[in-house]
Each structure stands twice: as structure tokens, then as C-alpha cells.
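Notes for the one structure printed next.
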Amino acid sequence: MNYVNRFYISSLLHIVFYSGFYLIYLQSLGLSKTQMGFLMSLSLILVALLEVPTGIVADKISKKVSVLLSKILTIPSVLALYLAHSFPGVLLATLFGALSVALMTGAETGWIYELLSKSGRAKDYPKVYGRLRSFEMIGGFVGTMMGGFLADFVGMRLTILLTIPFVVASFLVLATIPGDEAKSGLSYSLHLLESLKFIKKPPEVIWLFLYANIIGLPVTAFTAFMQLYFYRFLASLIAVSAISAFHTVINSVSWCLDVGKYRDVFYRHAGIILPLLLLLAGLNKWLGFVTLILGTFTFAQAFKEWQGKFQGAIPDEKRATLGSLYSLTAAITNGILNALLGWLFDCIGIMHGLIIIASFFLGIGFLFSIISRKHGY
């Protein structure tokens with residue numbers, strides 16, 4: 001079987017039964033929105049702190065090994081969440097989860113791009129990356145949809161445990177894929193130093209780092225507390241899980257569909273479109289569905305274009321490290337935003353909070369649009 005298809009199968013097995021009711025589960029354990037925001041923020045900050053060390057290990061040892069370790073560490077994360085009865089238990093699950101994510105980011109995309117490049121298919125990377133995310137979303141759809149019904153019948157706690165067999169299956173599929181060969185011969189510290197120097201040399205790399213964060217934050221502002229947003233007026237565990245499942249369907253379609261040359265149009269205007277859609281969600285609860293659909297599609301197309309530009313601008317032996325450095329910046333900015341959102345939503349409510357955040361990002365988006373046109377990025 002073609003190695004690309006095996007990546008697709010592994011992504012399809014990304015079935016997390018508790019993803020559709022995770023925040024509701026935390027709420028049932030007695031956690032406040034502030035504590036939830038703190039945990040999401042902590043997870044992202046921990047990922048940020050671990051990103052570069054794990055990325056360098058992937059570049060120096062093996063991107064494949066890094067991805068496989070990520071799968072292994074997912075298991076204690078799920079077990080800790082299953083056994084949790086209060087904040088400390090969820091905190092432990094968050095710690096394992098953060099390390100798992102850090103080992104995956106940068107390494108997986110670098111591994112795929114290197115294999116494609118060696119077989120003369122580097123130009124196919126945006127399409128392959130989009131389909132990879134699409135299959136992941138299909139698995140997510142199955143998990144959220146089935147998870148909602150399972151939780152309603154056997155309870156949320158037992159449903160969480162049923163995720164583990166799919167993690168193991170994904171690990172076994174990935175283990176059969178050829179490993180990466182490009183390795184950095186530099187020491188840990190020199191490799192990091194050279195990677196940091198590389199970022200500063202071509203100005204477009206710094207711009208790519210900044211731009212990806214800017215278009216990602218409005219999406220995070222809506223999706224981070226999306227379950228509680230819809231639960232406010234639907235008040236149904238099954239309904240919220242169904243919406244989460246619907247989100248994965250939209251995500252899957254958005255990543256799978258390729259608009260070709262029009263990807264660049266979404267890429268150039270996403271910084272304005274996404275804050276406008278976030279503003280709609282804050283103005284009316286039913287417009288949240290518009291934000292969910294159009295926001296997901298816009299971000300997917302823009303980010304696929306970004307991935308092609310980013311991977312093409314960096315060398316093989318620095319790919320996991322530089323990918324991890326991007327994830328580090330994204331984790332820090334998203335972590336800070338999640339903490340702020342938890343506090344803001346507790347103070348003035350979700351709807352008013354979204355309006356304030358959307359207005360801020362809209363101003364940033366216009367500023368970046370002006371700079372982008374001026375410098376031709």
C-alpha cells in the first residue's frame with residue numbers, strides 16, 4: 001500500500017470519543033470556566049515549551065520515532081482523564097497530552113514532506129496535507145457523533161476510555177511507513193542556533209510565522225468555547241455533540257476540497273474575513289452556525305496555501321525544528337488568548353466577549369493586509 005494512503009488511514013483512526021463533550025465533562029467535575037481556560041492555556045504553553053526540544057530531537061534522530069512516541073503518550077493522557085474526579089486529575093491528563101502534541105507537531109508534516117520530496121511529489125504537498133487533515137476530521141466526526149450517543153447511554157467517563165483502541169491501531173499503521181533519512185549533524189545547541197538564524201535571513205519566513213498566528217486566533221476565539229456557546233441555548237448533550245460532529249464534517253470537506261489557484265485569494269483575505277465572521281457569532285447566537293461553516297472553510301483553504309509556502313521555504317534537516325518553532329509561537333499566542341477568553345467570558349458573557357475580541361482582530365487584520373500589499377508578501 002502507498003505510504004500516503006497509510007498516513008490517511010492513520011489520520012482516519014484519530015477517533016476521540018470525548019471530543020464532543022470534553023468541556024461539559026470538565027464542568028460535571030466542578031471546574032469553572034476560568035479553570036477550563038487555564039487548562040487550555042497551560043496545555044498550549046506546555047506544548048510551546050516542549051516544541052523546540054522535541055522538534056530538534058525529531059530532526060537529529062527521527063521524525064517517525066517522534067510521531068510514534070506521540071501516539072504512545074496519548075494513552076496515559078486518556079487514562080488520566082478517565083480516572084479524574086477533580087482539577088488535579090485533569091491537570092495530569094493535560095500534562096501527558098501536551099507532551100504528546102509536542103512530539104507530533106512539526107515531525108509529522110516534516111516526515112510527509114520529506115517522503116513526497118524524495119519521490120518527486122513535493123508540489124502535491126498542499127493537497128496531501130489537506131486530505132490528511134480531512135481524513136482526521138472524518139475520524140473526528142465518527143468520534144464526536146458516536147461519543148455523544150455513547151455518553152448518553154453509558155456515561156461520559158466510560159466513553160472516554162473507548163478511545164484507546166483507536167490510538168493503538170493508528171500507531172500500528174504508522175509503524176509500517178518508511179522512516180525519514182535527512183538528519184542534522186550539528187549538536188543540539190548549534191542546530192537550534194542555525195535554525196533561529198535561518199528564520200531571520202529570509203524575511204518571508206518571519207512573515208509566514210506572524211501571518212499564520214494572526215489568521216488562527218479568530219478561529220480559536222470561537223472554537224475554544226464553542227461547546228459552551230451552543231450549550232447556552234440548546235441545553236442538550238446530544239445536540240452539542242452533534243454540532244461538534246457537524247463541525248468535523250465541515251472541517252473534513254474544507255480540507256479535502258482544493259480550490260486550486262483561488263487558495264491564494266483566501267490566503268490574502270483571511271485576516272479580515274475570519275474576524276468578521278467571529279463578530280457575527282457575537283451578534284446573534286444563530287449566526288454562530290454561519291461562523292462555524294464559513295470560518296472553517298476559509299481557514300482551511302488559507303492554511304493549506306500557507307503550508308505549501310512554509311514547507312517550500314525551509315530545508316529538510318531543519319523542517320521539524322522550524323515547524324516546531326512555528327507551533328511554539330502558535331501555542332503561546334493561543335494559550336494567552338484562551339486564558340483571556342476564560343476570564344472575559346466569566347466577566348461579561350460569551351456573546352459580548354466575542355464582539356470585543358472580533359473587533360480587536362479585525363483591526364489587526366486590516367493592518368496586516370496593508371503591510372502585505374506594501375511589501376508584496
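The values are calculated or read from the model by the stated rules, or taken from the named source; none is laboratory data. No experiment lies behind these values; they were computed from the predicted model shown. As a convention, Cβ positions derive from the backbone with ideal geometry for all residues, glycine included, and neighbour counts pool all protein chains shown. All accessible areas refer to the heavy atoms of the entire protein, side chains included, with ligands and DNA or RNA removed. Shrake-Rupley method; radii C 1.70, N 1.55, O 1.52, S 1.80 Å.
Annotations
- In the stretch 340-376, the residues that are of a type in the set (F, W, Y) and under 30 Å from S32 (Cα atoms): W343, F345, F360, F361
- Helices (runs of 4 or more DSSP H) completely within the stretch 1-107 that count 1 or more residues being within 27 Å of R121 (Cβ to Cβ) and either in contact (Cβ under 8 Å) with a residue 12 or more places away in the chain or touching a Pro at 6+ places or on another chain (Cβ under 8 Å) (or both): 3-12, 33-60, 63-83, 87-104
- Qualifying residue in the stretch 319-338 (condition: within 28 Å of I243 (Cα to Cα), touching a Phe, Trp or Tyr at 6+ places or on another chain (Cβ under 9 Å) and buried (at least 23 other Cβ atoms within 10 Å of the Cβ)): yes
- One residue stands out in the stretch 10-54 among those that are within 20 Å of G147 (Cα to Cα) and among the aliphatic types (A, V, I, L, M): the one that is most open to solvent (accessible area, probe 1.4 Å), namely L12.
- Candidate set: the stretch 255-269, residues that are surrounded by 20 or more Cβ atoms within 10 Å (Cβ to Cβ) and touching a residue at least 60 places away in the same chain (Cβ under 8 Å); chosen: the one farthest from M351 (Cα to Cα): R263
- Filter result for T291 (part of a helix (DSSP H, G or I), at pLDDT below 90, within 20 Å of A221 (Cβ to Cβ) and out of contact with any Lys or Arg (no Cβ under 7 Å at 6 or more places or on another chain)): no
- Boolean, I243 is open to solvent by less than 20 Å² (accessible area, probe 1.4 Å) and assigned to a helix (DSSP H, G or I): yes
- Any hit, the stretch 227-239, residues being at negative phi, in contact with a Leu (Cβ under 7 Å, 6 or more places away or on another chain), part of a helix (DSSP H, G or I) and open to solvent by 40 Å² or more (accessible area, probe 1.4 Å): no
- Among (1) at pLDDT 85 or above; (2) open to solvent by less than 40 Å² (accessible area, probe 1.4 Å); (3) among the hydrophobic types (A, V, I, L, M, F, W, C); (4) over 22 Å from T220 (Cβ atoms), the one test that L92 misses: (2)
- Residue in the stretch 111-132 that is of a type in the set (A, V, I, L, M), over 21 Å from S170 (Cα atoms) and either assigned to a helix (DSSP H, G or I) or at pLDDT below 90 (or both) present: yes
- The set of residues in the stretch 348-359 being assigned to a helix (DSSP H, G or I) and free of Cβ contacts under 8 Å to residues at least 12 places away in the same chain consists of I348 alone.
- Test: A169 is open to solvent by less than 10 Å² (accessible area, probe 1.4 Å), closer than 30 Å to A84 by Cβ and in contact (Cβ under 8 Å) with a residue 12 or more places away in the chain: no
- Qualifying residue in the stretch 40-53 (condition: farther than 18 Å from A102 by Cα and modelled with pLDDT of 75 or more): no
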